[in-house]
């Protein structure tokens, strides 16, 4: 399992930065290779991305979400990954976004790309594009989700801090989509 830690400072208030990050459906606007992110329910996201020249799909579960502080996730189906994104105020109009990503490169192309630092550079680029994206938008976001998730349950009582659970390694069939279902926009640690 590979691990990447990166951070960037953004010239926007904490609540604005967190609020924009919770708009998962907008990730393709600043994340390289991400083709689509669809919110399945309050805790689940279905991702479609191009990784190592091939199309990958996976479903992610939000394990912990604390407004203006952090979002932790892991995949439940598909490409093996997990992460944590943190938000730290550095002043009234400046925020540090920290991203930790755990992933398991599959196949020769992904393993070679990982060895050459492609994933690390992609994460750094995604954070730079996020900074440009949000600083270019000003203080507006499209409606952040402000509820909490603890131990994988919306509005559950907080549990003591723990290590991020490892990604699930078994691969299952992609999650079915629900045609015509309206998605409630809300937000997501590194990815």
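The values are calculated or read from the model by the stated rules, or taken from the named source; none is laboratory data. Being a predicted model, the structure only gives us computed values, none of them experimental. As a convention, Cβ positions derive from the backbone with ideal geometry for all residues, glycine included, and neighbour counts pool all protein chains shown.
Tell me which of these residue 26 doesn't satisfy, since it passes every other one: (1) within 23 Å of residue 104 (Cα to Cα); (2) crowded, with 17+ Cβ neighbours inside 10 Å; (3) in contact with a helix residue (DSSP H, G or I) (Cβ under 9 Å, 6 or more places away or on another chain).
Status for residue 26: all satisfied but (1).
Kindly indicate whether any position in segment 102-109 is at pLDDT 95 or above and crowded, with 20+ Cβ neighbours inside 10 Å.
No.
Restricting to segment 29-65, what's the tally of residues that are buried (at least 16 other Cβ atoms within 10 Å of the Cβ) and part of a strand (DSSP E or B)?
Residues that pass the stated criteria total 21.
Let me spell it out: the conditions are (1) crowded, with 17+ Cβ neighbours inside 10 Å; (2) at pLDDT 90 or above; (3) assigned to a strand (DSSP E or B), and residue 18 meets all of them except one. Which number is the exception?
Of the numbered conditions (1) crowded, with 17+ Cβ neighbours inside 10 Å; (2) at pLDDT 90 or above; (3) assigned to a strand (DSSP E or B), the odd one out for residue 18 is (3).
Being touching a helix residue (DSSP H, G or I) at 6+ places or on another chain (Cβ under 7 Å), surrounded by 14 or more Cβ atoms within 10 Å (Cβ to Cβ), modelled with pLDDT of 90 or more and within 22 Å of residue 40 (Cβ to Cβ), is that true of even one residue in segment 78-86?
Yes, some residue in segment 78-86 is touching a helix residue (DSSP H, G or I) at 6+ places or on another chain (Cβ under 7 Å), surrounded by 14 or more Cβ atoms within 10 Å (Cβ to Cβ), modelled with pLDDT of 90 or more and within 22 Å of residue 40 (Cβ to Cβ).
Taking the conditions exactly as written (within 16 Å of the chain's Cα centre (by Cα) and at pLDDT 95 or above), does residue 128 satisfy them or not?
yes
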